[in-house]
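Participant: The structure that follows is given in the form of C-alpha cells.
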Amino acid sequence: MAIAEMRKLNLIAMSYDKDELLNALHRAKAVEVTLAPKEKDVEREETETLRARLSSVEASLASLLSTVESAEKQKDSGEKTDLKAVVEVSYSEFMSSKEKRTETEAVIDKINALTDEKILLKNELQKVEREEKATAIYKSLTASFSSFSDTEKTRVRLGTVALSQKDKLFAELEGCELCAFEEISSDSENCLFFTATHKCSASETDGVLAAFGFTACPYSGSATGSELHRSTLVKIDEIKTKILENERTVYAMKEYIRPLKVYSDYLAFTLEKAQIAEGLEETERTFSLQAYLPKEAVETVETELRRVSEAVYFEITEPTEEDEPPTLLKNNSVVGSFEPITNMYSAPNYREFDPNAVMGFFYSLFMGFIIGDMGYGLLMAIFGGLIWWKGRRNPTGLSRLSGAFAFGGIFAVLWGALFNSFFGFAIFGKANTVMPDPQTGRCTFVGIQVPSVLVISLVVGISQLLVGYICKAVQCWRRGQILDGVFDGVVWALFSVGIALAIVGLVEETNLPVLGTVGGVIAGVSLLLAILTAGRHEKFFGKFTKGFGAAYGVINYASDILSYARLYGLMLSGAVIASIVSTYGGGFIVSGNIGLAVLGVVLLLVGHGFNLVMNLLGAYIHDARLQYVEFYGRFFEGEGELFKPLGSGSRYIRIKS
C-alpha cells in the first residue's frame, strides 16, 4: 500500500515509426506520455475529423443501447442483455477495428438513418396527436362542414366556446334578434354549437360571440367531423406502427453492440494518439517523446519498443527533483475503496506517502461511531459489500463508495454492540451496556456535567490528530528531515497524548486523577519544546514569531478537537430517532390490534429506512470533512496528478492481458 516508484522515458525515433511506437506504449498498458502546454488551442484537421467521427459513433451506440433497453423492459420474460457490461477483447481484436472500419461505419450509418427516421416519425406523431385533440370535439358531428356555410340571407357560425361560458353565452344569444343556435356536443373543456342569424342582425350576434371567446371551426369541405377525427386516429395508428417497425429493426441490430463498443474505444484511442502527436517535438524526419512509467514496467516497455524498430533511441532514468511524476496508487481492493474520498479532495503527490490506508481506518471508525447501531451496520455491510464485491474486477465510483460504506458498516456493528443498540432496541438489556447511553449518560468533567459520549468522541478525535502528527514525522523522515520529523511531528504527537490523558484524568468517574497530572506535564513539556524549536530554521526575530505562532497554534488545536464533537451530535440524532421509531413501532406491534400491528411494521420499515439514509448522508459528508480539515491538515500535501497510461480512458472495453 504505497505510491509506485516511477521512471522517466526519453525517446527519439523516426517520424514514420510514430504510430507503431505509440501502439507499443499502449500495448504495455503502463506509460503516460507527457506533453508541454500548447500555445494555441488549435486542432489539426485530422483531430477534428476523429472527434466528429467518435461523436457520431457514440451517438449511434447510445441510440442502439437505448432502444434495446426499452424493448427488453417491455418484455415480460426472456433473457436480458447486460448493456452496461464491459467487453473483454484481445489486443489483436481491438486493433483489428481499423480493418473493420468500412463494415462498422455502414452499421453506424444505418443506425443513424433509423434514428433520424424515428425522430421525424415522433415529430409527425406529436403533430397528428395535437390535431386529434383539436378534432375530438367534432367527432359527433355527422353533417359535413360545408353544411354550415352562409346562405343568401343567413350567416352561419360553427365553432366552440369554453364550457364555463356556455350558459352565459346562450343566454345572450337568446336576446339577439333573428338568431337561432343549437348545441351539438360538449367535452370536459369546450362546447360545440352553431348559430344561424339573418344578415341584417349578424353583426350583433358576431359581437356577442367575440365577447365570450368564440372559436370558429377551422375546417371546411365535404368531410364530416366524425370522418375527420377518425382519419386522425388512423394516422396515429399508422405512425405508431412505423415507429414500432423502426424500433424492431434497430433492436434486431443488437448483435452489433459489442463491435460498436470496441470501435468506439478504438476511435477514442486513435484520437488520443492524434492529440499526443500534435504536442510532440518534431523535426523534418524525427520526433521526441517524454513519458512516465512504473519501475516494475520498465522491462515490458523496453521489450515492446524494441519490437517496433531498431531505429529508435530511448533511455529510462529516475525522475529528477525538478520533475513532477504522476501518482500511481498501489492498494488492495479494501484500501482502494477509500481512494476516491482522498482524490475528491486532492490526489497525493508523487513524493509523499499514500495516506489512504490510515485515512480509511479512521473514516470507517468514525462512520461506524456516527451510525452506532448493529442493525444499521449489518444493512450497510451486506448491501454495500454486495455492490463492492460485484464491481471488484472493474471498480467504479459507486462500487468503491459502497465498499467504504460496507467497511463503515462493520465498525457500526462493533460500536452498536458497545452501545447495545439494534435498530434502537437494547437487545442485551439496559443494564448490560459497555458504553454509556448516548442520550442519558453523563460524567463530571472539571465539575461540570457533560454527555459521556461527547467526551469519548473528543478522545477518539485526539487519537486521529496524534496519528496525523506521526504521519507528519514519517513523511519528514522519508525525506531525510530527521529533526523536522521529531519537532514538527513527534513533539506534537506527545502533546496529543498528554491532552488525551488529561481529559481522561479530569473525568471524575474514572477515579484516575493521576492521569490528569501526567497528561498535563506531558502536554506542557511538549508544548514548550515545540515553541522553542519552531523557529529553528529562522533568524533573529523570525525565531520569536515562529515560537509565538506555535503557542497560538494551541488555540487552533483546541478548535480542531471540538470539531470532533460533530461525531457525538450526528450519532445522538440518529440514536434518538431510532429509539423513537422502535418504541412506537414495537408498541403498535404488540398492542394486539391487527391494524396497529400493520402500522407498526410500516413505521419500523419507513422510519428506520429514512433514519439510515439521513445518517449515511451526514456521516459521508461530515466524516470526509474531518479527514480533509483536521487529519490531512497535519501532514497531507496533495496536488498530485493521477497516473493515466496511454489508452486507459476506455469506456466500454477491457483489453485482456
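Any read-out appearing in this document is the output of simple, stated calculations on the displayed coordinates, not a laboratory observation. Model, not experiment: these values are computed from the prediction. Here the Cβ is made from the backbone with ideal geometry for all residues, glycine too, and neighbour counts use every protein chain on show.
Participant: For ALA143, list long-range residues whose amide hydrogen, built 1.01 Å from N in the peptide plane, is under 5 Å from its own amide hydrogen.
Facilitator: GLY225
Participant: Once you treat every alpha carbon in region 19-172 as an equal point and sum by Debye, what is log10 I(q)/I(0) at q = 0.10, 0.16, 0.17 Å⁻¹?
Facilitator: -0.72, -1.21, -1.28
Participant: Report, in degrees rounded to the nearest 10, the 0 to 90 angle that the Cα long axis of helix 452-478 makes with the longest principal axis of the chain.
Facilitator: Here the helix axis deviates by roughly 70 degrees.
Participant: Let me ask you something else. How much mean residue ellipticity at 222 nm does the chain get from its helices, if each DSSP H run of length 4 or more adds -39500 (n - 2.57) and you divide by all residues, to the nearest 500 deg cm²/dmol?
Facilitator: Details: 22 runs with 370 residues, N = 657.
Per the formula, -19000 deg cm²/dmol.
Participant: Sort SER231, SER146, SER657 by Cβ crowding within 10 Å, fewest neighbours at the top.
Facilitator: Details: SER231 15, SER146 12, SER657 6.
Ascending number of Cβ neighbours within 10 Å: SER657, SER146, SER231.
Participant: When the Karplus curve 6.51 cos²θ - 1.76 cosθ + 1.60 is applied with θ = phi - 60°, which whole-Hz ³J(HN,Hα) does each residue of region 403-418 get, with x for Gly and Pro?
Facilitator: Karplus-based 3J(HN,Hα) across region 403-418 equals x, 4, 5, 5, 5, x, x, 4, 5, 5, 5, 5, 5, x, 5, 5 Hz.
Participant: Follow-up question, since we're still on this one. Quick one: dipole size for region 1-132, taken about the Cα centre, charges +1 on Lys/Arg Cβ and -1 on Asp/Glu Cβ, in debye to the nearest 20.
Facilitator: 420 debye
Participant: Using θ = phi - 60° and the Karplus curve 6.51 cos²θ - 1.76 cosθ + 1.60, what whole-Hz ³J(HN,Hα) does each residue of region 323-329 get, with Gly and Pro shown as x?
Facilitator: 6, 10, x, x, 9, 10, 7
Participant: Could you list which residues have their amide H under 5 Å from that of ARG442, counting only those 5 or more apart in sequence or on another chain, with H placed in the peptide plane?
Facilitator: Under 5 Å from the amide H of ARG442: SER452.
Participant: Taking N as the number of residues in region 143-223, what is its alpha-carbon radius of gyration divided by 2.2 N^0.38 Å?
Facilitator: That ratio works out to 1.04.
Participant: Can you give the alpha-carbon Rg of region 447-563 over 2.2 N^0.38 Å, where N counts its residues?
Facilitator: In units of the globular-protein estimate, region 447-563 measures up at 1.15.
Participant: By what distance, in whole Å, do the Cα atoms of the chain stretch along each of the three principal axes, largest value first?
Facilitator: 115, 84, 58
Participant: Across region 435-442, in residue order, what do the Karplus-derived ³J(HN,Hα) couplings come to in whole Hz, using 6.51 cos²θ - 1.76 cosθ + 1.60 with θ = phi - 60° and x for Gly and Pro?
Facilitator: Ordered by residue, 3J(HN,Hα) equals 8, x, 5, x, 8, 10, x, 10 Hz.
Participant: How do LEU141, LEU329 rank when sorted from fewest to most other Cβ atoms within 10 Å of their own Cβ?
Facilitator: The fewest-first ordering by Cβ neighbours comes to LEU329, LEU141.
Participant: Where the centroid of each part is defined by its Cα atoms, how far is region 202-256 from region 117-137 in Å?
Facilitator: 6 Å
Participant: Additional query: Roughly what angle does helix 356-371 make with the longest principal axis of the chain, taking Cα atoms, 0 to 90 degrees, to the nearest 10?
Facilitator: 70 degrees
Participant: Sticking with this one: Take every Cα pair under 8 Å in the chain that's 6+ residues apart, average their separations, divide by the length, and report that relative contact order as a whole percent.
Facilitator: For the chain, the relative contact order is 20 percent.
Participant: Here is a further query. List the cysteines of the chain that have no other Cys Cβ closer than 4.7 Å: which are they?
Facilitator: CYS191, CYS200, CYS217, CYS443, CYS471, CYS476
Participant: At a 10 Å Cβ-Cβ cut-off, how would you order THR545, THR205, fewest neighbours first? Don't jump to the answer; show the numbers that get you there.
Facilitator: On the way: THR545 13, THR205 24.
The fewest-first ordering by Cβ neighbours comes to THR545, THR205.
Participant: Something else now. Just how large is the dipole of the chain about the Cα centre, in debye to the nearest 20, putting +1 at every Lys and Arg Cβ and -1 at every Asp and Glu Cβ?
Facilitator: Around 1620 debye, computed over the chain.
Participant: Give the long-range amide H neighbours of GLY535: residues separated by 5 or more places, or on another chain, with amide H under 5 Å away, using H modelled in the peptide plane at 1.01 Å from N.
Facilitator: Long-range HN contacts for GLY535: GLY547.
Participant: Roughly how far apart, in whole Å, are the Cα centres of region 463-529 and region 568-620?
Facilitator: If you average the Cα positions of each part, the centres end up 41 Å apart.
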